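Worksheet: the structure to be examined is printed underneath.
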Amino acid sequence: MSLHLTLREIPRFPPPWSYACAGRPDERRGRIALRQAFVQLKLTFLRAAADVPGEIGKHLQTLVRQASEPIELWLIHGSLLAAIPCDLEDSLGQAQQHRQSLLTALASSYPDKKPIDAKIGQA
């Protein structure tokens, strides 16, 4: 006695949520574009957090890695901007570059909101 069932014959297959994910092609392209924009934003945050020294840097990197929505990155942007080191002369250019790339990425992701531009340690 052998049991020959196809996946469609198994109860509850496909799961109900799969129909909601199917969508029209233009909706799918929109979701892909949004996901790509989020990934770029997250990579920008990760690059900036990688240059923050010490435990604060490790904690910020963990927060950025765990973020699954753009709003989560928005909520930590002020802390990240404030933690970017700007006291060393050789890292000033890199710190400024990280700061500018974060502000640009946030402005493109949230055009109607103004990011916190924390310039701790600068005159």
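General observations
- Spacing of the two label points (7 Å from each Cα toward its C-beta) at Ala82 and Thr62, in nm: 1.9
- Protection proxy ranking, peptides 52-64, 24-36, average beta carbon neighbours within 10 Å, highest first: 52-64, 24-36
- Difference of contour (0.36 nm per residue) and Cα-Cα distance, Gln97 to Tyr110: 2.7 nm
Read-outs: derived from the displayed coordinates by stated rules, not from any lab. On a predicted model such as this, the values are computed, not experimentally measured, just so you know. Neighbour counts are summed over all protein chains in view; Cβ atoms, including those assigned to glycine, are modelled from backbone coordinates with ideal geometry.
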